[in-house]
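Trainee: If you scroll down you'll find the structure; I have some questions about it.
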Amino acid sequence: MVQLISLEVPRNGSDRGRTDGLGHTAGCTWAIRALCAALVLSAGCGSDSAPDFSVARIYFEPQSPPAGGTGHAYSFVLECGAEGGAALPDHFEIEQGVLPAGVQLVPDREDNNHDGYLDPDGELTGRARLIGYPRAEGTFTFTITAVTTRAVREDQARLAATATFTLTIDQGSITLMTPRRRRQR
């Protein structure tokens, strides 16, 4: 709850002509400072909790995707975080660059039945996953944007975070097993 407070600035003539760096008279500056202090102090009045002055934000944890090999299953979770009452991100997209052919970016979901596969109806975890079977060698640099579309607080706007990653895909080695021919007797 914010209480409006009426302030009168005494005009005794001693402040005339004196200004702060912004061109306001000294009395005006004093009134603005007093009003700001009163608003801050009264912001928590009438509630049992302290006012929340934190800034909501989301971010990517510092991390580097490990190298992968062509033809081999690849899976890496990109960890995200939130602070200031923000919800974890639930939407991810490639902003710049490209992923290796065969690898895709998906929102990470809970594995409800514990079979090792993401469940399409599982809860979103607030993380992204690079997953697939890379088909091309090379070094791939891409920028991912994470977006929070779910608000935790009513006054919370959509939040976004961006990070650039580099993924190296080497030539994968595949061992082919062929059956031996039996000798006939």
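The values are calculated or read from the model by the stated rules, or taken from the named source; none is laboratory data. What you are looking at is a predicted structure, and each value in this text was computed from that prediction instead of being measured. Glycine also receives a Cβ, built like all others from the backbone with ideal geometry; neighbour counts cover every protein chain displayed.
Trainee: Mind checking whether some residue in region 118-125 is more than 13 Å from the chain's Cα centre (by Cα) and surrounded by 17 or more Cβ atoms within 10 Å (Cβ to Cβ)?
Mentor: Step one: filter region 118-125 for residues more than 13 Å from the chain's Cα centre (by Cα), giving 118-124.
From what is left, the residues that are surrounded by 17 or more Cβ atoms within 10 Å (Cβ to Cβ) are 118.
Yes, the conditions are met somewhere in region 118-125.
Trainee: Among the residues of region 95-123, how many are of a type in the set (Val, Ile, Thr) and either touching a His at 6+ places or on another chain (Cβ under 9 Å) or assigned to a strand (DSSP E or B) (or both)?
Mentor: Kept after step one, since they are of a type in the set (Val, Ile, Thr), are these residues of region 95-123: 98, 103, 106.
Cutting the leftovers down to either touching a His at 6+ places or on another chain (Cβ under 9 Å) or assigned to a strand (DSSP E or B) (or both) gives us 103, 106.
The qualifying residues number 2.
Trainee: List the pairs whose first member sits in region 124-151 and is outside any strand (DSSP E or B), whose second member is modelled with pLDDT of 95 or more and among the hydrophobic types (A, V, I, L, M, F, W, C), and whose Cβ atoms are under 6 Å apart, counting only residues at least 6 apart or on separate chains?
Mentor: Pro134/Val103; Pro134/Ile169; Arg135/Ala101; Ala136/Ala101; Glu137/Ile169
Trainee: Now a separate question. Please count how many residues of region 69-84 are surrounded by fewer than 16 Cβ atoms within 10 Å (Cβ to Cβ) and of a type in the set (A, V, I, L, M, F, W, C).
Mentor: 2
Trainee: Here's another thing I want to ask about it. In region 137-185, which residues are among the hydrophobic types (A, V, I, L, M, F, W, C), modelled with pLDDT of 65 or more and over 29 Å from the mean Cα position of the chain (by Cα)?
Mentor: The answer is none; no residue qualifies.
Trainee: On to the next question. Tally time: how many residues in region 53-87 are in a strand (DSSP E or B), more than 13 Å from Ile131 (Cα to Cα) and free of Cβ contacts under 8 Å to residues at least 60 places away in the same chain? Let's see the steps before the verdict.
Mentor: From region 53-87, those in a strand (DSSP E or B) are 57-60, 68-69, 74-78, 80-83; that's our starting set.
Next cut, more than 13 Å from Ile131 (Cα to Cα) only: 57-60, 80-83.
Cutting the leftovers down to free of Cβ contacts under 8 Å to residues at least 60 places away in the same chain gives us 81, 83.
Total meeting the criteria: 2.
Trainee: Find the residue count for region 121-153, including only residues that are touching a Ser or Thr at 6+ places or on another chain (Cβ under 7 Å), basic (Lys, Arg) and within 14 Å of Leu88 (Cα to Cα).
Mentor: 0
Trainee: Moving on. Considering only residues that are surrounded by fewer than 16 Cβ atoms within 10 Å (Cβ to Cβ) and modelled with pLDDT of 95 or more, look in region 94-114 and name the one that is farthest from the chain's Cα centre (by Cα). First the steps, then the outcome.
Mentor: Going through region 94-114, the residues surrounded by fewer than 16 Cβ atoms within 10 Å (Cβ to Cβ) turn out to be 94-98, 101, 104, 106, 110-114.
Okay, now just the ones that are also modelled with pLDDT of 95 or more, so 94-98, 101, 104.
Numbers: Ile94: 14, Glu95: 14, Gln96: 17, Gly97: 19, Val98: 20, Ala101: 25, Gln104: 19 Å.
Among those residues, the one meeting the criterion is Ala101.
Trainee: Answer with yes or no whether Asp90 is touching a residue at least 12 places away in the same chain (Cβ under 8 Å) and not β-branched (Val, Ile, Thr).
Mentor: Working: touching a residue at least 12 places away in the same chain (Cβ under 8 Å): yes; not β-branched (Val, Ile, Thr): yes.
The answer is yes for Asp90.
Trainee: Further question: Could you say whether any residue in region 164-174 is in a loop (DSSP other than H, G, I, E, B), polar (S, T, N, Q) and surrounded by 15 or more Cβ atoms within 10 Å (Cβ to Cβ)? Steps first, answer last, please.
Mentor: Kept after step one, since they are in a loop (DSSP other than H, G, I, E, B), are these residues of region 164-174: 171-174.
Now drop any that are not polar (S, T, N, Q), which leaves 171, 173.
After this cut, where a residue has to be surrounded by 15 or more Cβ atoms within 10 Å (Cβ to Cβ) as well, the list is none.
No, every residue in region 164-174 fails to be in a loop (DSSP other than H, G, I, E, B), polar (S, T, N, Q) and surrounded by 15 or more Cβ atoms within 10 Å (Cβ to Cβ).
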